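Trainee: Got a structure here, written out as structure tokens. Questions coming.
The values are calculated or read from the model by the stated rules, or taken from the named source; none is laboratory data. Source: prediction; values computed, not measured. Cβ placement follows ideal geometry from the backbone for every residue including glycine, while neighbour counts extend to all protein chains displayed. Heads up: the accessible areas ignore ligands, DNA and RNA and are worked out on the full protein's heavy atoms, side chains in. Shrake-Rupley method; radii C 1.70, N 1.55, O 1.52, S 1.80 Å.
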Amino acid sequence: MNEEQRISGEQEYAVIFYDGVCGFCQKIVQFILLRDPEGKFRFVAIQSEFGRRVLTEHGLDPEELSTFVLLDRGKIYTRSTAGLRVLRELGGLWQLLYLFIIVPRPLRDLVYKLIASNRYRLFGRTDACMLPRPQERARFLA
């Protein structure tokens, strides 16, 4: 099965697109990996050819690296909504944070944008995307 087949339609997992050179984004990916032993999520760096193509096909600008994107059951979620949906799926106490979905999206996204606009300064930037550990490699689509 090729990447297009794995990511189109009703796949059994959701796909998270992240900024592959952002230190904060890499920490978020590691956070999710540790709390998602069932493998509900797969990961794609926005900078990858595949990531750029899929985002473009869904009407998003792959040059806009300050957004967190979730593709779940054929639907795209961005910024705070994407993050809250991921937390809900992680279960445990993390799912309680989904209650913040009642906060109007413009307000949630304002907080999100504040963090996103300072993420390189606060958490650093790498020259390349992270290399997953061998046991995690299958969770990264590109």
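Trainee: Under a crude label model (7 Å from the Cα following the beta-carbon direction), how far is R137 from K27 in nanometres?
Mentor: 2.8
Trainee: Whenever you get a sec, line up E12, E57, E89 from highest to lowest accessible area (probe 1.4 Å, protein heavy atoms).
Mentor: Ranking E12, E57, E89 by accessible area, largest first, yields E12, E57, E89.
Trainee: So how much accessible area does D61 have, in Å² to the nearest 10, using a 1.4 Å probe?
Mentor: 90
Trainee: Moving on. So, in nm, how far is label T56 from label I101 when the simple model puts each one 7 Å beyond its Cα toward the Cβ?
Mentor: In this crude label model, T56 to I101 measures out at 3.2 nm.
Trainee: Let me ask something else about it. Can you work out the PRE-style zone for K113? Point 7 Å along Cα to Cβ, and I want the residues of region 52-82 with backbone N under 13 Å.
Mentor: The answer is 66-67, 79-80.
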